[in-house]
Amino acid sequence: MKRETQIKRIKEKNHYDILVIGGGATGLGIAVDAATRGLSVLLVEQYDFAKATSSRSTKLVHGGVRYLAQGDVELVVHALHERGRMKRNVPHLVKDMRFIIGNYRWWEKPFYSIGLTLYDMLAGGLGLGRSLPLSRKKVMREIPTLKQDNLRGGVVYHDGQFDDARMAITLAMTAVDEGAVCINYMKAERLQKKGNGEICGALLTDQLTHETYAVEAEAVINATGVFVDEIIKMIAPEARKKVRPSQGVHLVVDSKFLGGDSALMIPKTKDGRVLFGVPWHGKVVLGTTDTPLTEASTEPKALDEEIDFILEQAGEYLEAKPTRKDVLSVYAGLRPLAASDKPDAQKTKEISRSHKIYKSPCGRLITITGGKWTTYREMAEDAVNMAVRNAKLSCKPCNTKHLKQHGYLEDADRNGWDYVYGSDVEYIRRLIREDASHAEKLHGEYPFTKAHVIWAVREEMAITIEDVLARRVRLLFLDARAAMEAAPKVAAIMAAETGKNEDWIEAQVAEFSHLANDYVLT
């Protein structure tokens, strides 16, 4: 997946069945869906793939236990089925994880056992494993660091765990494999209209070269997440907002705070949310929060009260309380919640977690928002279905329920980092066989190597240090200080690959260091 090849294709062809604006989970899923139906597809992303929300999740592929408690059974059923399909179609990236709920009151074990058994039943044949009550001894074996005072036992249930940004890159590569054109750092400046006011394409600007492209499309799908309203306002400035962003913050700490391979689920925090402690690439992700915001940004910042809330709630359940100095990285993401139809609905609990699709009254513009990573495939199917009907396109039916994604590899060895590449890992190993220096690590404490950077530049459209350290390898999210230390080496490798000079290296390191500082707690 080379960017120069994708640019060449857009220069050779300026008319598509579907133009997708937005390179996050939903947009990439749409590109895969549409391309596999035989439609011509162009996807453009203003920044990098999964730059915003889609790289900042809790790293879970889940049905949503708390939505079951709220009575939203339909949402849970759809998500559980999609969870099973995602694990089946991308087995090297999605894995089963055991989640432990510690029980401290006599009624909690039967209560959660019954509820989670229903959760399993709703998954049908796509379940990951049975929920079971656990003795106190077994709970401590799973999570040795759990508070022992008054611990009566617990319950184990199963959900999925994955790497979100790597999943996004996998989808982009799958879309390209299926014939789609996917380009990052390509901004939709404005939508194009016919004389009758019908949307017929967009004017695009390459953010790297500033070259412009006028492309035509039978249908345009706005899949820009928390930024969908910006696209809608290009044609309807007075339109009511479709999205109310909600901020979720996560803290990454050392694995010693859980002490095992199982995840911790705290079913009810003081604000009524669940809190997770999830093992991820040798660390633990703690989160999340649910803070309503009025404006969206590409680099949202965690609020002090959000950080303190997570540390306080985790500390109530762990023998060793994590503190600010224990946090290796802090990241914030914005959920693109589909806004309530009620103008006065401000609380995020009043905003749907399901996805919504809107058709523009002035032509062939489809907007999709809401949802979550787990249901990306279903969202894509629904959006393409509407676009096909609206533009009267002829194509094959959706076949993504059983589509094996790029790099598909069963029984991947999950020791180390390389399993995220699936079958593509052989190409990375070849780089090292060809030149032993490519095995050099970017940082002494982490497994990422020079070969991973070269692969990211050559085959995964990595343009900046941030693209590499935030989303191709995940060092910024695992350890922000280590990422800053590795930045000069990464810049030098990228410069050698792309012919950049010392000025580019210095500018890139400075820019990345400025960004990474916001992932560090001081």
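Over all directions, how big on average is the projection of the convex hull of the alpha-carbon atoms in the range 11-93, in square nanometres? Display every interim value, and only then the final one.
On the way: hull surface 29.4 nm².
Answer in nm², one decimal: 7.4.
Tell me, Kirkwood radius of the chain from alpha-carbon pair distances, in Å?
Working: mean 1/r = 0.0423 Å⁻¹.
It is 23.6 Å.
Taking amide H positions as placed 1.01 Å from N in the peptide plane, with prolines and chain starts having none, which residues 5 or more places from Asp159, or on another chain, fall under 5 Å of its amide H?
Under 5 Å from the amide H of Asp159: Met97, Phe99.
What is the packing order of peptides 312-320, 144-152, taking the mean over residues of other C-beta atoms within 10 Å and listing the highest first?
Working: 312-320: 17.1, 144-152: 13.9.
Per-residue Cβ counts within 10 Å, averaged per peptide and sorted highest first, yield 312-320, 144-152.
Hey, which of these cross-link pairs are over 24 Å Cα-Cα: Lys283/Lys441; Lys301/Lys325; Lys8/Lys489; Lys194/Lys356; Lys372/Lys450?
Details: Lys283/Lys441 19 Å; Lys301/Lys325 18 Å; Lys8/Lys489 30 Å; Lys194/Lys356 27 Å; Lys372/Lys450 33 Å.
Result: Lys8/Lys489; Lys194/Lys356; Lys372/Lys450 exceed 24 Å.
Please state the charge dipole magnitude for the chain, taken about the Cα centre, from unit charges on C-beta atoms (+1 on K and R, -1 on D and E), reported in debye and rounded to the nearest 20. Show your work: numbers first, answer last.
On the way: 73 positive and 70 negative charges, 321 e Å.
Dipole magnitude for the chain comes out near 1540 debye.
Looking at the P(r) of the range 150-219, how many percent of alpha-carbon pairs lie beyond 21 Å? Don't skip to the end; give the middle numbers.
Numbers: 1346 of 2415 pairs.
That tail contains 56 percent of the Cα-Cα pairs.
Remind me, relative contact order of the chain in percent, using alpha carbon pairs under 8 angstrom and six or more residues apart? Before the final figure, lay out the partial values.
Numbers: 1093 pairs, mean separation 100.1, N = 522.
Reported relative contact order: 19 percent.
Mind putting together the pair-distance distribution for the range 87-175? All Cα pairs, 10 Å bins, whole percent per bin, short to long.
Once binned at 10 Å, the Cα pair distances of the range 87-175 give 16, 36, 27, 15, 5, 0.
Could you sort 500-510, 157-167 so that the peptide with the highest average Cβ count within 10 Å comes first and the rest follow in order?
Averaged packing, sorted descending, gives the order 157-167, 500-510.
Please turn the phi angles of the range 149-163 into ³J(HN,Hα) values with the Karplus equation 6.51 cos²θ - 1.76 cosθ + 1.60 (θ = phi - 60°), one per residue in order, whole Hz, x for glycine and proline.
4, 6, 6, 9, x, x, 9, 10, 9, 10, 9, x, 9, 8, 10
Given the chain, what percent of its DSSP beta bridges are antiparallel, to the nearest 5? Don't skip to the end; give the middle numbers.
Numbers: 59 of 77 bridges.
Counting DSSP beta bridges with both partners in the chain, the antiparallel share is about 75 percent.
With all distinct Cα pairs included, what does the Kirkwood hydrodynamic radius of the range 426-498 come out to in Å, to one decimal, could you say? The partial results should precede the final answer.
Numbers: mean 1/r = 0.0836 Å⁻¹.
Roughly 12.0 Å, rounded to one decimal.
Please give the peptides 273-281, 215-223 ranked by average Cβ packing (other Cβ atoms within 10 Å per residue), highest first, as a rough proxy for protection. Walk me through the numbers before you get to the answer.
Numbers: 273-281: 21.2, 215-223: 25.4.
Most protected by this proxy first, the peptides run 215-223, 273-281.
Of all accessible surface on the chain at a 1.4 Å probe, what whole percent is carbon and sulfur? Show your work: numbers first, answer last.
Details: 10500 of 21280 Å².
Ligands and nucleic acids excluded, carbon and sulfur reach 49 percent.
Compute the Kirkwood hydrodynamic radius of the range 174-298, taking the inverse of the mean of 1/r over all pairs of distinct Cα atoms, and give it in Å to one decimal. Provide the component values of the computation, followed by the final result.
Working: mean 1/r = 0.0537 Å⁻¹.
With all distinct Cα pairs of the range 174-298 included, I get 18.6 Å.
For the range 225-278, with the dipole built from +1 on Lys and Arg beta-carbon atoms and -1 on Asp and Glu ones, taken about the Cα centre, which of Ala239, Ser255, Phe276 lies farthest toward the positive end?
Ala239
Determine the alpha carbon to alpha carbon distance for each of Lys11/Lys392; Lys13/Lys187; Lys51/Lys256 and list only those over 20 Å.
Lys11/Lys392; Lys51/Lys256
If the cut-off is a Cα-Cα distance under 13 Å, which aspartates and glutamates reach Lys401, setting aside same-chain residues fewer than 8 apart in sequence?
In chain and number order, the partners are Asp33, Glu82, Glu378, Glu381, Asp382.
Before I look further, what does the range 71-139 give for accessible area per residue, probe 1.4 Å, in whole square angstrom? Can you show the working numbers first?
Values: 3330 Å² over 69 residues.
Each residue of the range 71-139 exposes 48 Å² on average to a 1.4 Å probe.
The values are calculated or read from the model by the stated rules, or taken from the named source; none is laboratory data. All of these numbers come straight from a predicted model, not from anything done at the bench. FYI the Cβ positions are ideal-geometry reconstructions off the backbone, even for glycines, and counts take in every protein chain you see. Each accessible area value is taken on the protein alone, full model and side chains, heavy atoms only, with ligands, DNA and RNA left out. Shrake-Rupley method; radii C 1.70, N 1.55, O 1.52, S 1.80 Å.
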